Amino acid sequence: MKEMHSDTGVSILEMRDIWKVYPNGVIANANVDIQVRKGEIHALLGENGAGKTTLMKILFGFEHPSSGKILYDGKEVAIASPHKAIAMGIGMVHQHFMLVPSLTVAENVLLGMEPKKGLSVGMAKAFEIVRQAGNQYGLSVPVEKKIEDISVGMRQRVEIIKTLVRGANLIILDEPTAVLTPQETVELFKALRILVDRGKTVIFITHKLNEVKQIADRITVLRKGHVVGTAEVKDMTQVEMSRMMVGRDVEMVIEKKPAVVGPELLCVKKLHYVREDKVAVLNGVSFSVRAGEILGIAGVEGNGQTELVQIITGLLSPSKGDIAVNEKVMRRLNPKTARKSGMSHIPSDRMVRGVALESTVEENVISDRYFKKPFSAYGIQSPRKITRFTKGLIDQFDIRVDSSKRSVKMLSGGNIQKVVVAREFTAGAKIIIADQPTRGIDVGASDFIRRQLVEERDQGVGVLLISADLTELLEVSDRILVLYRGEVVAHFDEVEGLTEETLGEYMLGIKRMSEDDLKGYSQETATDKEGMER
Amino acid sequence: MKLKFRIDTFQLYRTGIAIGIALLLGYIIIFFSKIPSDAASLWEGVRAGFDNANEAFKWFLLGPIVRWRGNEMLFNERGAIQWLNESVPIIITGLAVSIVFSAKQFNIGAEGQLFMGAVAATFVAVHFPAIPVLHPIVVILTAMVTGALWAVVPALMKAKLKASELVSSLMMNYVALYMGLFLIKTFIRDTKAGSLVSLPFAATAQLPFINERYRLHIGIVIAVVSAVVIWWILRRTTWGYQVRLIGDNINFAQYSGIATQSVVFQVQVASGAVAGMAGTLEMIGYYDRFLWLFSPGYGWDGIIIATLARNNPLFVLVAALFFSYIRVGAKIMGRNTDIAPEIVSILQAAIILLVTAEAFLSGLKQRSIEKRARKVEEALTGREVK
């Protein structure tokens, strides 16, 4: 099969000498050439920030290249908008799905092209169209269900069907496995194989080498906006690929001393949270974090992690339940009191909450301590001391920036995260809440941050780590909880020997531990419930 | 990727080009309106148009600082002083607005705040014991406190009821106008005067003069000092830091532990206090009684100026002086030619539109960024780049 494709070698797409310079001066793509053959799965491999997504956004008409040529089916084309791209037969499945949660699968797929029956939409026909489209490619979906009621893996299928129904021949998948459990990933790969067997072409953006090995025919590796090379996957080892991607050998194993556990620092007691739309997002979550340990929380995104972190850090008030810090129940918990009590927080949405983009690195690293000495005295700032302090952090955390007075928006994603981490790790905190601390940043920076987390733990800090990256969780955590639909469904005191597949089963709700196994980690027991009613 | 690029220089060019285009526009309008309809030939008409437009622009651009005796150019003291005096209230309102804009909040209530400030100040200027030096200080403080209180209403409504400050501060302007006029009419009207004016101020309320002949008062000094002080507060104090951080990203400020709600409230009140003194300085400096029948419009000018100055208090100074210069120039042009000085409004509008239009010249900027980026790239890789 593979041979046949590479022998024919008819290219469906060529991008030549593509340049993209963003308005802040960042070169996302420089001199990029890429050629994709008809009927192959072409992996676009590179670290976060290497320019993969930008390149694909250019192809899909979301961004316009500064210069360069695009040839589709042998003809030079100008792709002014996604509309144009779709009309040409290019489809894209974004990292963040673009679906309407309150509409059904069929409605989402056919949005804007619904079959008409008089003035109303012919629902029966719609269901049929979508069902058929799915079956044709081995992508069965519950067409009558609402998007909000189906799993992430299903939603992704819906996105793929959406592109197929619109006549896509070339389908771009932007890090499709980032949100999937190991089981769902297997399903996705099966579907992709069927797609190419039926003559479609797939571009697969990723930074995970094992996936490339499993699914792709050829790869193009990007590094810092440049193409490092294109190759047949079968000719490459994972080590070779990683060297191309990172430019050096990466040593990924983190040395960890056994945890020396101290007193309980953070205690979450029977936390409930009901969202505005009456959905119960957290249902009696309890756990505690002790000094000198890292507690990892696993779970498919959207199972209550976001709310849990926001409640602990005082950004959100729980519907019910308590947070205790140092065995003291926090009555008026807000970001200020949380920080005062010795908590620091690496937020998952760093652009929204982690930094102020227009402000300088200096202004960003002192945001929680600007009022303290030596940063200010009597309400007047001490610019020289702030600069000196910031320069220290830039060195210590290896932030790549030429001046401490540069505005943060000029930095790359990994370096922005280092700014956040530098601030939160130097706050003198006893508890660190690290929410997706390495999401979307390059391998070097991720590795650095994980090591810092372990180091903090060795210093006796209690760390709560929420991560969608199971490899990271297993590597860094001392204990792991699994959150499913706002409940703790599994708890592992021992991470040794635990596999991603096992975690995946609990994350998908296929398995759950019994009340006894969970000990104090489940929702209320019967007696508790009585107590509450009284 | 290191990129030493001064985006600020670009903003400077952009503003300069916007002003240039606006002036050109003004010139073209005057040119066409001044082609005599009874010209002997088209050529004659065009020449007359140019002559007239040149004459008008001479007054407009040089009038505020130059007067002519025959062909001799002399310093126009009266014009220059008028220029400085007229810039005082709009510097102050520009500062007031730039404070709230720094926190990305809105204040379109400056107009009402300065109006009420002036009304309250009038009572103090007329009735307060005539103690020299102290009297004008008390008058100004009264105006500031009143302006602040006037700003408290929308700020409170925003904090407690989540009412848009945009609407409420706008509404407060009308309340200020009619309530202010009512207060003046009822309690402090000079019945001997022909129109609706207040009783004359006590002589001790008068701000000291720098030049008594043309009534250059120390308002301009107060305005300049205010600009420097406000710049310092915003740039160098922890309070100013909070304000700017909120302006950049309020979610981040909150996450960092800053009491955002209370800072936002303080910002509105501080802005009201500054706005409060805008009209009062003019009133006790240049005039000697309350004589507004309408809202003077300085609050709106403040929004324009703060926008043009990109909320930097020091640039507010420059922008306000510029605006007052072209206004005085237009008035002088109006006196010496038959062109309506209102043409200056067209210029103002054109400048603001071009400066605030993000896309204006952004292609130029993007190209220069790309050029630099490629140069850096070439230096790094040693490869030739097209």
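The numbers here are math on the coordinates, done by the rules we state, and not lab data. Please read all numbers here as calculations on a predicted model, not as lab measurements. Cβ placement follows ideal geometry from the backbone for every residue including glycine, while neighbour counts extend to all protein chains displayed.
Farthest toward the dipole's positive end in segment A:213-307, which of A:P263, A:Y273, A:V233, given Cβ charges of +1 (Lys, Arg) and -1 (Asp, Glu) about the Cα centre? Checked the options; the winner is A:P263.
Within the protein assembly as shown, DSSP assigns beta bridges of which about 60% are antiparallel (rounded to the nearest 5). Mean-square fluctuations from a GNM of chain B, with a 10 angstrom spring cutoff on Cα atoms, peak among B:A155, B:A273, B:A39 at B:A39.
Longest exposed-loop-site-free stretch of chain B, with GluC sites (Glu not before Pro), DSSP loop and at most 14 other Cβ within 10 Å? No qualifying site falls inside B:1-211, the longest such stretch. Cross-link pairs exceeding 30 Å in C-alpha to C-alpha distance, out of A:K405/B:K371; A:K328/A:K405; B:K104/B:K331, comprise A:K328/A:K405; B:K104/B:K331. In sequence order, segment B:215-227 has phi-based couplings of 6, 7, 9, 7, x, 5, 5, 4, 5, 5, 4, 4, 4 Hz under the Karplus curve 6.51 cos²θ - 1.76 cosθ + 1.60, θ = phi - 60°, and Gly or Pro positions carry x.
Relative to the current alpha-carbon distance between A:T387 and A:A80, full extension at 0.36 nm per residue lengthens the span by 106.1 nm.
Computed about its Cα centre, the charge dipole of the protein assembly as shown is approximately 2360 debye, with only Lys, Arg, Asp and Glu carrying charge at their Cβ. Summed over qualifying helices (DSSP H, 4 residues or more, each -39500 (n - 2.57)) and divided by its residue number, the protein assembly as shown shows a 222 nm mean residue ellipticity of -15500 deg cm²/dmol. Rounded to the nearest 20, the size of the Cβ-charge dipole of segment B:102-319 about its Cα centre is 240 debye, with Lys and Arg at +1 and Asp and Glu at -1. In segment B:102-319, a dipole from Cβ-located charges (positive for Lys and Arg, negative for Asp and Glu) runs towards its positive end, and of B:V229, B:L156, B:A319 it is B:L156 whose Cα lies farthest in that direction.
Could you identify which residue out of B:Q242, B:Q266, B:Q254 has the top mean-square fluctuation in a GNM of chain B using Cα springs shorter than 10 Å? Residue with maximal mean-square fluctuation among B:Q242, B:Q266, B:Q254: B:Q254. Toward the positive end of the charge dipole of the protein assembly as shown, with +1 on the Cβ of Lys and Arg and -1 on the Cβ of Asp and Glu, the farthest Cα among B:G147, A:T387, A:V476 is that of B:G147.
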